[in-house]
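Engineer: Take this structure, written in structure tokens, and hold onto it; I'll ask about it next.
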Amino acid sequence: MTNAADNLIPSPGVNPYKRQELLFNDDLWRPVVIIGLGGIGSWVAFELAKMGARELWFFDYDSVEVHNTCYSVYGRHQTGSPGKPVKKKVEAMKRFLHRWESYGKFGRDLKIKTFYRAPLPEDIFPKLCIVVVAVDNMDARKEIWEKNVRLNPRVFYLVEARMGAEASMIYTIRPMNDEDERFYSSPSILYPQSQASPGTCAEQSFVYTAAMTGSIITSQIKSILLKEYCWSEIICDLKNMKITTRRLISPA
């Protein structure tokens, strides 16, 4: 038994990216800013590159450590070696994606900008971008929201995620929408770090939780680009195989 998707499988010698590119054309792409390139952010960057992203901005001041390789796309070779400095996550990810992108005759023109200095500067985002926040601290999430995203006309959508061992929460917000702004600013969603579980998100998670969370974010970005409906809140519980959604929002 076949379906329409089977017709999208490229034949030998045909552009191997064809199946992804049929989702949307170049004119629909917007710059995607990823803040935090750990367990969640690295998977988002990897999947967006495979889907044909044209411009990615990376913000992260941390370096790749051995423990990062347990749940992210980084390999142990990216942690450095004796006599060589440890690589910044943003540079390691940029190098990884460009090496993959430049392979073969179908090399892609993927523009990547990297920033690894804290704090995050104000008004640095490109126009009408999609911002992905994948940091591991609630206070940092709130600071980014208040300082850089909230009521910022440059930010088209915010997609923010957090995760535990086998569960994750993903929020998709229109920063210039009053109802979305009130929903996301609620203390039940942006609570202080003192009320959060100890340890970072990734330290408590399995690699498949990080990969799944990244995939849901990528799917939300696809829906944004194609002007499809999105959910403001998605809670995914892998242990019980249950997905809960809240607040369906219309395309912007």
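Engineer: When the convex hull of the C-alpha atoms of region 26-184 is computed, what volume per residue in Å³ does it have? Intermediate results must be reported in sequence, preceding the final value.
Structural biologist: Details: hull volume 19.9 nm³, N = 159.
Roughly 125 Å³ of hull volume per residue.
Engineer: Once the principal axes of the Cα atoms of region 151-252 are found, what is the range along each, listed largest first in whole angstroms?
Structural biologist: On the principal axes, region 151-252 reaches 34, 30, 22 Å in Cα extent.
Engineer: With a probe of 1.4 Å, find how much accessible area region 111-252 has per residue, and write the answer as a whole number in Å². Before the final figure, lay out the partial values.
Structural biologist: Values: 6950 Å² over 142 residues.
Accessible area per residue, region 111-252: 49 Å².
Engineer: Counting only protein heavy atoms and a 1.4 Å probe, tell me what percentage of region 155-235's accessible area is made up of carbon and sulfur. Show your work: numbers first, answer last.
Structural biologist: Values: 1830 of 3230 Å².
That fraction is 57 percent.
Engineer: Treat each spin label as a single point 7 Å out from the Cα along the C-beta direction, and report the Lys147 to Glu179 distance in nm.
Structural biologist: With each label placed 7 Å out from Cα toward Cβ, I get 3.1 nm.
The values are calculated or read from the model by the stated rules, or taken from the named source; none is laboratory data. These figures come from a predicted structure and were not determined experimentally. Neighbour counts run over all protein chains shown; Cβ positions are idealised from the backbone, glycine included. Please note that ligands, DNA and RNA were not included when accessible areas were found on the heavy atoms of the full protein model with its side chains. Shrake-Rupley method; radii C 1.70, N 1.55, O 1.52, S 1.80 Å.
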